[in-house]
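A short write-up of the structure that comes next.
Quick note: the coordinates plus some simple rules give every number you see, no bench work behind them. All figures in this text were calculated on a predicted structure; none of them were measured in a lab. Backbone-built Cβ (ideal geometry, glycine too); neighbour counts: all protein chains shown.
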Amino acid sequence: MSDLSVRCAGLSLRNPFLLASGIWGESGDSLAGAWTAGAGGVITKSIGAGPRPGYPNPTIETYGEWGMLNAMGLPNPGIEEYPKEIAIALKTGAPVIGSVFAGDAAEFARLAALMAATGVQALELNLSCPHAEGFGTEVGSDPETVQEIVRSVVAAVRIPVIAKITPNAADPAALAAAAERGGAAAVSAINTLRALAIDVTLRRPVLAHGLGGLSGPAIKPVGLACVWQMYERVSIPIIGVGGISTPDDALEYAMAGARAVEVGTAIAFRGIRVFGELSKGLNQRLDELGIARFEDVVGVAHRAPAPPRG
């Protein structure tokens, strides 16, 4: 049996499959459920300074198993209420990564310190939500701002900091490099792609908010390209995100340069059992390929010889 364990951003993970923020981590029980189902670690829902109801319905549109469009609006109970949920997840022994969002460096640092005090083992900074005004992509598309935010958070906490990078920018790899300069222990890439769907009968956008974020298998090639470019620009670990639903998806991300991957939309379509299925399938796939350790394939596609011409 192959070794699926990985070291990433100072964390020891039993396998490379992390629960992505925003899909299943609303409560402590759901975080614990993902760990019990086989996740290598879990990331909380993105938490802000205070309670946020999110956008009105409809907030989700699905496209079979190819993807999902959503504009939730970052609903969350606020940092003062969420620690009790994290405590439930920590009791399982799961590596828990706390996700936070804010509008500027000072607020990120304040929230990060409060999140770190809950006992989470690392932080993920949501610098990339494509549809929440004043947050996410709006603060995470400028390299200087990304560097400032990461530096402020790193100075405020003593646990690893992961910057989640937006694909909705001219040069996502430059944003990853800025995060590295700011002291990030790792970057995760990518968040959802800005997208839109229109109901031709009603003659209006399908989602109440209008613009949303596209996730799922449809965005995997974009995520792979971003990870590929980041691997050639930064020396810190990269966590691949976007369209991981099969063992080969995880291997593609690893070969492009990712040390771990986040799973989100696949849960919406297949349920939380997907973590066990992915781990079992990855073991089988590595055995078929004659690979002893998952970590051995990280970045190998960059070193592969070019195919012969003619």
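Shown for the chain: lysine pairs separated by 8 or more places, or found on different chains, whose C-alpha atoms are under 22 Å apart, numbering 6. Site-free segments of the chain were taken between trypsin sites (Lys or Arg not before Pro) in DSSP loops having at most 11 other Cβ atoms within 10 Å, sites themselves excluded; the longest one is 1-90.
When only the Cβ of Lys, Arg, Asp and Glu is charged (+1, +1, -1, -1), the dipole of the stretch 196-310 relative to its Cα centre reaches about 280 debye.
Cβ-Cβ distance of M1 and A155, R₀ of 41 Å, FRET efficiency by 1/(1 + (r/R0)^6): the value works out to about 0.45.
Set the Förster distance to 51 Å, then compute FRET efficiency between I88 and A292 from the Cβ-Cβ distance, nearest 0.05.
The value I calculate is 0.90.
Across the stretch 6-303, how large is the tail of the calculated P(r) beyond 27 Å, expressed as a percent of all Cα pairs? Percent of Cα pairs beyond 27 Å in the stretch 6-303: 34. With a Förster radius of 30 Å, plug the Cβ-Cβ distance of R14 and R233 into 1/(1 + (r/R0)^6) and report the FRET value to the nearest 0.05. Once rounded, the FRET efficiency stands at 0.55.
Could you tell me the relative contact order of the stretch 6-303? Use alpha-carbon pairs under 8 Å, at least six residues apart, and round to a whole percent. Please report the intermediate quantities before stating the final value.
Numbers: 739 pairs, mean separation 56.3, N = 298.
Value for the stretch 6-303: 19 percent.
Length gained on full extension, T36 to A301: 92.1 nm, using 0.36 nm per residue less the C-alpha separation.
When the P(r) is computed for the stretch 9-63, the part past 14 Å accounts for 62% of the Cα-Cα pairs. Cβ-to-Cβ counts within 10 Å put I272, I43 in ascending order as I272, I43, the fewest first.
Place +1 on the Cβ of every Lys and Arg and -1 on the Cβ of every Asp and Glu in the chain, take the dipole about the Cα centre, and give the residue among A197, M72, A87 whose Cα lies farthest towards its positive end. Checking the options against the dipole of the chain, the answer is A87.
When DSSP beta bridges are restricted to pairs lying wholly in the chain, around 35% turn out antiparallel.
Here the stretch 228-285 is assigned +1 on the Cβ of each Lys and Arg and -1 on the Cβ of each Asp and Glu. Its dipole about the Cα centre then comes out at about 160 debye.
Net charge dipole, the chain: roughly 280 debye, given to the nearest 20, about the Cα centre with Cβ charges of +1 for Lys and Arg and -1 for Asp and Glu.
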